[in-house]
């Protein structure tokens, strides 16, 4: 279905970015951390901070002008990432935090990895109460925000062996100790595929699996308590802080083509306005939008950049 294809496509590009030049030298094991806990949305998270025990290679202090021009491959680490799917990463915790899933078992379990330098990585020890559960558990996106880091994804079973039908949220102050937010009434039926921090807090988006339906954004000031807000008809699969405040993208149903690109904008993440289709040049899919100094660029996984805002010139 369109929702499934888009939700999968939205996250695969993140994997491609993380996988570029991948591999990983076997990382030293981290010291056991205090067990993470699962709490209701209003529960204050644990405050214990566990320091990393691994130390990455000494950097050479390369000039900023070398960043992006000079690269060093990260040696492959089959033990650490061989049975993993890494979907997203963000600056936070000890330096960087990556999230995804461990796919080695019958059911996938959510997983997180930490690094001080991007070169040496260690996995956060598995806690079944936080990262596991019935069916599939996956962290699809992570951002700096809330108490430190907020990851969103999916959980449960009923779609197939790899697609979780319900939303899931995890928060962490340091990247090592994670708390799972439980709110079945809010998260049921909408798997989260994107999260961003911006004006007023956080916005997560995702979609159901039956049809385009009524799109929803989920807003939170702290990462613990989330409130759904309607964006209008369509599948909302990506969100970023930018434009008037927030910009979300996805698909909407079209009687002739079946699907067209859709973009929604908001100043406060509460009231959303859909951008006219003619402004998007007739594209049929937007997987994600990037905000930068010159504005916004919308990307399709297969076609590359499909629209820019504002127009050039």
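The values are calculated or read from the model by the stated rules, or taken from the named source; none is laboratory data. Predicted model only: the values in this text are computed from it and were never measured. Here the Cβ is made from the backbone with ideal geometry for all residues, glycine too, and neighbour counts use every protein chain on show.
Some values worked out for this structure:
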quantity: The range 246-260 - residue that is surrounded by fewer than 20 Cβ atoms within 10 Å (Cβ to Cβ) and in contact with a strand residue (DSSP E or B) (Cβ under 6 Å, 6 or more places away or on another chain) and, of those, modelled with the highest pLDDT; calculated: 260
quantity: Subset tally (residues that are assigned to a loop (DSSP other than H, G, I, E, B) and within 16 Å of residue 79 (Cα to Cα)) for the range 92-106; calculated: 3
quantity: Pick from the range 266-285, criterion at pLDDT 90 or above and not in a strand (DSSP E or B), ranking: nearest to the chain's Cα centre (by Cα); calculated: 269
quantity: Meets criteria (closer than 24 Å to residue 147 by Cα and either within 18 Å of the chain's Cα centre (by Cα) or buried (at least 24 other Cβ atoms within 10 Å of the Cβ) (or both)) for residue 263; calculated: no
quantity: Qualifying residues in the range 220-234 (those that are in contact (Cβ under 8 Å) with a residue 24 or more places away in the chain and closer than 16 Å to residue 249 by Cα) - the one surrounded by the fewest Cβ atoms within 10 Å (Cβ to Cβ); calculated: 230
quantity: Per-region count, the range 221-243, residues assigned to a loop (DSSP other than H, G, I, E, B) and modelled with pLDDT under 95; calculated: 2
quantity: Matching option when the condition is out of contact with any helix residue (DSSP H, G or I) (no Cβ under 8 Å at 6 or more places or on another chain) and modelled with pLDDT of 50 or more, among 85, 70; calculated: 70
quantity: Looking only at the range 170-208, and only at residues there that are in contact with a helix residue (DSSP H, G or I) (Cβ under 8 Å, 6 or more places away or on another chain) and closer than 26 Å to residue 273 by Cβ, the one that is modelled with the highest pLDDT; calculated: 194
quantity: Subset of the range 274-303 (residues that are within 21 Å of residue 195 (Cα to Cα) and surrounded by fewer than 13 Cβ atoms within 10 Å (Cβ to Cβ)); calculated: 292, 293
